[in-house]
Amino acid sequence: MVWPIRNNEIRIVKISDVRSENPHVKTIFFRDEMCALSKPGQFVMVWIPGVDEIPLSISSIYQDGSSSITVAEVGEATRALTGMKPGDLIGVRGPFGNGFKVIDGESLIVGGGVGMAPLMLLINKLIERNVKVTVVNGAETRDKIVFLDKLEGLSRLGKINVYFTTENGSYGLKGLATDIAEEILRSRRIDVIYACGPEGMIRKLYYVAKVHSISFQASLERYMRCAIGICGSCVIGKYRVCRDGPVFTMKELEEVEDYLGLIKYNERGEKIPI
Ligand SMILES: Cc1cc2nc3c(=O)[nH]c(=O)nc-3n(C[C@H](O)[C@H](O)[C@H](O)COP(=O)(O)OP(=O)(O)OC[C@H]3O[C@@H](n4cnc5c(N)ncnc54)[C@H](O)[C@@H]3O)c2cc1C
Ligand code: FES
């Protein structure tokens, strides 16, 4: 007997609200029972009618059953999605993937650009568990920082420590998120690092975590079609990012070190440099 994969059915949901995070990124709210059960780091396949279906992380969940995705406009599908309004319909499948394993220890969260989306849900989960959280949120420029107000609000309430970095120094510290993460690790005890963002950043943090012998979990992105482990388009070494990830531990990353931040496959299945 073949059991149905319930969360793989497309559900049509109505957008209830759209908020701008910055000129390039929007958070889109909707209500869906299964999405409201997502673990931090899990993602959904979002169908934009007549355009495409793309993977996006769940960025928040509220007690009234609504959830959100936070989308950076980078191409056709994300442009169409960020142009949608309350009342418009989208399709969702999922949530998929393993998500972050929440550990009770002093946490360092490192996010690059819209990589902060799944980390925002994780931060809220860690706060609920009274874990001490330090966040490093890196972006190229001030207008590309995501969740600036939310993170500053949490910091003012004493719930997290937050550092912003921009490559041109237009906000926060000038430099890369990895530079300040290394400084933090040199100056105090951290038990676990959680990361999501450009894979070059993940590769660097992977080596930093290794040198400091700190537990490390990183969420990776690969081209995805099916999201249920069948098509093979999302492979990294021996793993399928949609089923085995998208969050990988230090031990798993060691097994794919030759690919991490170096090689991926495009939509035609060709190997391309990252
Ligand atoms: C697990 C996962 C979670 C993600 N979470 C977020 C998120 O929370 N917010 C966010 O803004 N982005 C997220 N992304 C990236 C997002 O899926 C791409 O930006 C989006 O698919 C681009 O589509 P496009 O048509 O606008 O751009 P295109 O012009 O088609 O492509 C732009 C870039 O996006 C990549 N891309 C295109 N289609 C896919 C696809 N089906 N799967 C993976 N990558 C694709 C391309 O390889 C290219 O590098 C996530 C990706 C993955 C794999
Ligand atoms: S997207 Fe098809 S196997 Fe991962």
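When residues in the range 234-267 are screened for being more than 16 Å from ligand 2 (Cβ to nearest atom) and of a type in the set (D, E), 4 of them pass. Residues that are within 16 Å of ligand 2 (Cβ to nearest atom) and not aliphatic (A, V, I, L, M) number at least 2 in the following strands (runs of 3 or more DSSP E) confined to the range 1-89: 43-48, 52-61. Only one of the numbered conditions (1) surrounded by fewer than 18 Cβ atoms within 10 Å (Cβ to Cβ); (2) of a type in the set (A, V, I, L, M); (3) within 16 Å of ligand 1 (Cβ to nearest atom) is not met by V211, and that is (3). Within the range 193-224, the residues that satisfy the criterion of being over 24 Å from R240 (Cα atoms) and outside any loop (DSSP other than H, G, I, E, B) are V208, V211. Scanning the range 103-161 for residues that are surrounded by 15 or more Cβ atoms within 10 Å (Cβ to Cβ), among the basic types (K, R) and assigned to a loop (DSSP other than H, G, I, E, B) returns K132, K159.
As a summary of the residue check, A218 satisfies the conditions (1) over 23 Å from G105 (Cα atoms); (2) touching a helix residue (DSSP H, G or I) at 6+ places or on another chain (Cβ under 6 Å); (3) away from ligand 1 (no atom under 11 Å from the Cβ) except for the one numbered (1). Restricting G65, G87, G91 to those that are at pLDDT 95 or above, on the phi > 0 side of the Ramachandran plot, assigned by TED's automatic domain parsing to the domain that holds V13 and in contact with a Lys or Arg (Cβ under 9 Å, 6 or more places away or on another chain) reduces the list to G87.
Within the range 258-274, the set of residues being free of Cβ contacts under 8 Å to residues at least 40 places away in the same chain and either in contact with a Cys (Cβ under 7 Å, 6 or more places away or on another chain) or not aromatic (F, W, Y) (or both) comprises D258, I263, R268, G269, E270, K271, I272, P273.
The values are calculated or read from the model by the stated rules, or taken from the named source; none is laboratory data. From a predicted model like this one, the values you see are computed outputs, not experimental measurements. Positions of Cβ are backbone-derived with ideal geometry, glycine not excepted, and every protein chain shown enters the neighbour counts.
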